[in-house]
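Engineer: Dropping the structure in here first, questions after.
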Amino acid sequence: MGAPPHRIVEKIVGFLLPPACREEVLGDLHERSEGTWRYLADALAVLPLVIVSRVRRTLDPQVTLMEAFVLCLSFVGAAAYWDRAFVSGSWGLARLSIPAAVALLALKLSDAYARPGRRQPLAGASDAMFAIGMAFVSQAVLLIGSPDVALPLWIASCGGGLGVLLLTLVRMLFPPFADRPVGAAGPAFWARQAGEPVRITGGVARVVKGAGAVLLLALVYLLLRRS
Amino acid sequence: MPRPDSLGQFEQLVLTAVLLLHDDAYGVTIHGKVQDLARPKDISLGAVYVTLDRLEDKGLLMSRLSDPTPERGGRAKRCYRLEALGEQALQESAVTAKRIFDGIAEVWGKEWAKEWGKRWGKEAG
């Protein structure tokens, strides 16, 4: 090892690294260090890849899809309730998708930065509030930068509130990977799941069939009413 | 035992590095060994981390944290070890590589194979 890095630089790099891999990556960077600048260059090259890898490891595609759906539903639903013309107006849906996309990105990053094995009972709610909080921050930035793209206050507030509720529900039902009992040595949850067939019990099948039938009847009724 | 996924070239390099390093396989040493195996290509440490994570997810590697050491600023190493599935995947890759070599040697002639054999021998030596 050459010269050790400056302590403050090392602290900043440590802060930016996801906690799950902070210890070993900081140690490796320290061992390779040949001065602060070289350390910084090394860290800047490693950081994005380590974060992306951590996001990939903690990401469950099915749950992420559900989260994206409830976020879109929240903002579009709020807009449809308060101002129906806004949804069908020019760029209405695109403007509504901005806070949803920011909230989803914040959620995935918070999963990647979660401490493995240390989760509070109300973590689902706090994750949801953090994600919607970041969506509000993005709206505040848009209000300053280009107000035409930002959402009206009522739509943003109601969409955010609904988003917190629905997102909390999804997070409580499907907690992130970091909380599931997966050892560092074991294969990822999705890899283990791939080998096992999905079991649908009789009760669940009946509920799904019932919900499908109700949905179909509602659709037929709406179509008949329209014609 | 389940059949392992086929490996990419970089995954093969990382698995070979872990195999060669025995108990001393962690980020820095694996990166050094991969750099050595892949020369003259320049390999980034980040790419090695990403691949190690992926191989661990596939069940080809397992890892554990070692005790902290002073030369690492009092931080632990994450040491990697090949799983049985990883050994199997690496064996299959080696067999495929041998077949590729034999196929090329059949077309380009024995002289070419001899010359390459000498070059590899020199590099290994």
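The values are calculated or read from the model by the stated rules, or taken from the named source; none is laboratory data. These numbers come from a predicted model, not from an experiment. Positions of Cβ are backbone-derived with ideal geometry, glycine not excepted, and every protein chain shown enters the neighbour counts.
Engineer: Could you identify the single residue in B:Leu61, B:Leu65, B:Leu20 that is under 29 Å from A:Ser33 (Cβ atoms) and more than 15 Å from the chain's Cα centre (by Cα)?
Structural biologist: Details: B:Leu61 fails: more than 15 Å from the chain's Cα centre (by Cα); B:Leu20 fails: more than 15 Å from the chain's Cα centre (by Cα).
Just a single option satisfies the conditions, and that option is B:Leu65.
Engineer: Take the stretch A:1-15 and flag every residue that is part of a helix (DSSP H, G or I) and either surrounded by 22 or more Cβ atoms within 10 Å (Cβ to Cβ) or not acidic (Asp, Glu) (or both).
Structural biologist: Taking the stretch A:1-15 as the starting set, the residues that turn out to be part of a helix (DSSP H, G or I) are A:7-15.
A:Arg7, A:Ile8, A:Val9, A:Lys11, A:Ile12, A:Val13, A:Gly14, A:Phe15, listed by residue number.
Engineer: Right, next: Condition first: touching a Pro at 6+ places or on another chain (Cβ under 7 Å), more than 8 Å from chain A (Cβ to nearest Cβ) and modelled with pLDDT of 90 or more. Now tell me which residues in the stretch B:38-85 satisfy that.
Structural biologist: B:Leu60, B:Leu85
Engineer: Given (1) more than 30 Å from A:Leu96 (Cα to Cα); (2) out of contact with any Gly (no Cβ under 8 Å at 6 or more places or on another chain); (3) within 11 Å of chain B (Cβ to nearest Cβ), identify the lone condition not met by A:Thr36.
Structural biologist: (3)
Engineer: Could you tell me whether A:Gly124 is farther than 29 Å from A:Val13 by Cα and at pLDDT below 90?
Structural biologist: Numbers: farther than 29 Å from A:Val13 by Cα: no; at pLDDT below 90: yes.
No.
Engineer: Take A:Ser33 and tell me if it is buried (at least 18 other Cβ atoms within 10 Å of the Cβ) and either of a type in the set (Phe, Trp, Tyr) or assigned by TED's automatic domain parsing to the domain that holds A:Leu105 (or both). Lay out the reasoning, then the answer.
Structural biologist: Values: buried (at least 18 other Cβ atoms within 10 Å of the Cβ): yes; either of a type in the set (Phe, Trp, Tyr) or assigned by TED's automatic domain parsing to the domain that holds A:Leu105 (or both): no.
Answer is no for this residue.
Engineer: For the stretch A:16-130, list the helices (runs of 4 or more DSSP H) that sit wholly inside it and hold at least 3 residues that are touching a residue at least 24 places away in the same chain (Cβ under 8 Å) and touching a Ser or Thr at 6+ places or on another chain (Cβ under 7 Å); which are they?
Structural biologist: On the way: elements: A:19-32, A:36-58, A:61-82, A:84-88, A:92-112.
Where helices (runs of 4 or more DSSP H) fall fully within the stretch A:16-130 and carry at least 3 residues being touching a residue at least 24 places away in the same chain (Cβ under 8 Å) and touching a Ser or Thr at 6+ places or on another chain (Cβ under 7 Å), they are A:92-112.
Engineer: Out of all the residues in the stretch A:148-168, is one or more free of Cβ contacts under 8 Å to residues at least 40 places away in the same chain, assigned to a helix (DSSP H, G or I) and within 17 Å of A:Thr58 (Cβ to Cβ)?
Structural biologist: no
Engineer: Answer yes or no: is there a residue in the stretch A:172-185 that is surrounded by 10 or more Cβ atoms within 10 Å (Cβ to Cβ), modelled with pLDDT of 75 or more, in the same structural domain as A:Cys72 (by TED's automatic domain parsing) and touching a Ser or Thr at 6+ places or on another chain (Cβ under 7 Å).
Structural biologist: There is at least one residue in the stretch A:172-185 that is surrounded by 10 or more Cβ atoms within 10 Å (Cβ to Cβ), modelled with pLDDT of 75 or more, in the same structural domain as A:Cys72 (by TED's automatic domain parsing) and touching a Ser or Thr at 6+ places or on another chain (Cβ under 7 Å).
Engineer: Sticking with this one: Give the stretch B:38-80 a look and list any residue that's closer than 27 Å to A:Ala112 by Cα, surrounded by fewer than 16 Cβ atoms within 10 Å (Cβ to Cβ) and acidic (Asp, Glu), or say none.
Structural biologist: Selection gives B:Asp67 alone.
Engineer: OK, next. Would it be correct to say that A:Leu143 is more than 20 Å from A:Pro61 (Cα to Cα) and not in a helix (DSSP H, G or I)? Explain how you work it out, then say what you get.
Structural biologist: Details: more than 20 Å from A:Pro61 (Cα to Cα): yes; not in a helix (DSSP H, G or I): no.
So A:Leu143 fails the test.
Engineer: Of everything in the stretch B:6-37 that's outside any helix (DSSP H, G or I) and surrounded by 15 or more Cβ atoms within 10 Å (Cβ to Cβ), which residue is farthest from the other protein chains (Cβ to nearest Cβ)? Step through it out loud before you land on a result.
Structural biologist: At the first step, the residues of the stretch B:6-37 found to be outside any helix (DSSP H, G or I) are B:6-8, B:25-26.
Retained after the next criterion (residues that are surrounded by 15 or more Cβ atoms within 10 Å (Cβ to Cβ)): B:7, B:25-26.
Working: B:Leu7: 15, B:Ala25: 12, B:Tyr26: 7 Å.
My answer is B:Leu7.
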